[in-house]
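The structure appears below as structure tokens.
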Amino acid sequence: MTVVPNSAPVNLPDIGSLAEIDWDFPERMSHSGIEGIHPYPAKFVTELPRTLLKLLPLPRNTAVLDPFCGSGTTLVESQRLGVPSVGVDLNPIACLMTRVKTSPLPPEFGKWARRVASAARRVGEPEVPDIPRLDHWFNGQVQSALAALSTEISATPSVQQDALRLALSSIIVRVSNQESDTRYAAVDKGSTSEDVYRGFLRAAHGLEDALHDRDYPFAPATVIEGDVLETRHSDIGKRIGMVITSPPYPNAYEYWLYHKYRMYWLGYDPLRVRSREIGARAHFFKRNHHTADDFARQMQQTLQLIGQVMVREGFACFVIGRSRIHGQDVDNARVLEDVATAAGFERVFSAERVLAATRKSFNLSHANIRTETVLVLRRRSARCD
């Protein structure tokens with residue numbers, strides 16, 4: 001990674017170096033256990049932010065921003081390189097994941113996980129939350145065990161709760177009647193309360209190992225749980241030298257649906273998330289449905305925020321694919337570039353990358369996603385309005 005002083009001009013990156021990268025990353029491997037601590041759809045591959053951080057110059061005393069931080073890959077890679085970062089996401093499960101991934105391992109975490117499981121087993125009749133269609137998706141034993149674990153986690157010291165809740169969240173679909181993370185079909189898996197407790201302890205042990213194995217210092221990482229369209233520049237709190245992000249594609253992935261029951265069990269409101277989630281398919285099948293123009297407006301608002309916090313000549317890197325909206329293909333990268341140009345950014349590089357055939361989501365048939373565009377922009381003006 002190249003860091004340039006505040007007073008030095010930020011030159012264009014070596015476009016030849018960017019062009020030499022195989023952005024498909026065909027031989028990619030999981031680089032650490034931290035990537036697999038919790039399921040997440042359409043996850044940002046580690047190599048994307050890592051490569052951009054290494055090839056693009058970052059002004060000294062600036063931070064990296066991901067306004068759609070998802071599972072936290074950009075923040076983790078920034079932290080790995082010693083760079084402060086800020087992430088914003090509407091989805092509380094995404095924010096929980098990112099906070100845990102970028103925080104130190106809580107002291108004696110394994111002991112607290114075992115204590116929670118032991119205490120939960122002794123709970124007689126835990127209070128089960130009011131969740132829609134609960135009996136359809138969770139049998140009685142699983143309901144009681146999840147409720148007992150949730151109650152006991154709430155009684156632990158606050159420093160332990162995020163990691164314990166993430167361990168619990170990671171097993172909820174597995175012990176439910178939902179066939180898989182990407183298929184909403186009810187099947188009887190025969191899960192028992194002991195399956196829940198053992199699964200929780202295994203998840204906690206894996207999480208402990210992944211967090212313990214990190215061998216880099218913890219550069220500051222701030223996670224803002226909220227709608228980026230309502231986020232103010234004062235909320236970011238840092239001078240931003242680079243943005244690395246992948247906005248939700250219109251009518252493609254249903255992030256809220258993927259984590260719906262996790263949100264219910266952890267006390268969040270998935271319907272609120274659905275109502276505000278950019279690109280959620282529900283927005284495109286209502287009476288006054290969204291169009292590509294709505295995505296352009298949302299990106300315009302996002303770029304306005306970026307322009308308010310980014311230093312002059314900073315870089316904004318987007319990874320974005322096409323969408324299919326009511327039978328028409330929409331080139332979201334072109335939409336984004338047009339909006340960015342009007343907001344005071346210029347394109348310095350773009351490349352297409354082929355998505356892995358194993359990538360899963362709820363709506364690939366609707367999304368028509370086969371490739372993504374890596375789009376690198378530079379802020380060319382002192383102010384973006």
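The values are calculated or read from the model by the stated rules, or taken from the named source; none is laboratory data. Worth saying up front: this structure is predicted, and the values here are computed from it rather than measured. Every residue, glycine as well, gets a Cβ built from its backbone with ideal geometry; the counts of neighbours run over all protein chains shown. Accessible surface areas use protein heavy atoms only, side chains included; no ligands, DNA or RNA. Shrake-Rupley method; radii C 1.70, N 1.55, O 1.52, S 1.80 Å.
The table below lists the values:
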item: Residues (farther than 22 Å from residue 332 by Cα and in a helix (DSSP H, G or I)) located in the stretch 232-256; result: 233, 234, 235, 236
item: Residue match in the stretch 64-85 (condition: of a type in the set (Ser, Thr, Tyr) and surrounded by fewer than 23 Cβ atoms within 10 Å (Cβ to Cβ)); result: no
item: Residue tally, condition of a type in the set (Ser, Thr, Tyr) and touching a strand residue (DSSP E or B) at 6+ places or on another chain (Cβ under 8 Å), over the stretch 159-192; result: 1
item: Pairs where the first residue, in the stretch 80-101, is under 20 Å from residue 260 (Cβ atoms) and the second is of a type in the set (S, T, N, Q), C-beta under 6 Å, 6+ apart; result: 97/71
item: Only one of 152, 108 that is over 26 Å from residue 222 (Cα atoms), among the acidic types (Asp, Glu) and modelled with pLDDT of 95 or more; result: 152
item: Looking only at the stretch 190-202, and only at residues there that are touching a residue at least 40 places away in the same chain (Cβ under 8 Å) and among the small types (Gly, Ala, Ser), the one that is most open to solvent (accessible area, probe 1.4 Å); result: 193
item: Residue list for the stretch 157-169, filter: open to solvent by 10 Å² or more (accessible area, probe 1.4 Å), of a type in the set (S, T, N, Q) and under 19 Å from residue 212 (Cβ atoms); result: 161
item: Sole exception among (1) modelled with pLDDT of 95 or more; (2) open to solvent by 20 Å² or more (accessible area, probe 1.4 Å) for residue 210, by number; result: (2)
item: Filtered residues of the stretch 307-337 (kept if open to solvent by 40 Å² or more (accessible area, probe 1.4 Å) and either in contact with a Phe, Trp or Tyr (Cβ under 8 Å, 6 or more places away or on another chain) or assigned to a strand (DSSP E or B) (or both)); result: 312, 322, 324, 326, 328, 329
item: Hits in the stretch 38-78 (condition: in a loop (DSSP other than H, G, I, E, B), more than 14 Å from the chain's Cα centre (by Cα) and aliphatic (A, V, I, L, M)); result: 56
item: Pairs where the first residue, in the stretch 205-220, is among the acidic types (Asp, Glu) and the second is surrounded by fewer than 17 Cβ atoms within 10 Å (Cβ to Cβ), C-beta under 9 Å, 6+ apart; result: 208/110; 209/33; 213/32; 213/33
item: Answer residue from the stretch 22-35, given it is open to solvent by less than 50 Å² (accessible area, probe 1.4 Å) and part of a loop (DSSP other than H, G, I, E, B) and is modelled with the lowest pLDDT among those; result: 32
item: Of all residues in the stretch 97-113 being over 30 Å from residue 184 (Cα atoms) and of a type in the set (Ser, Thr, Tyr), the one that is nearest to the chain's Cα centre (by Cα); result: 102
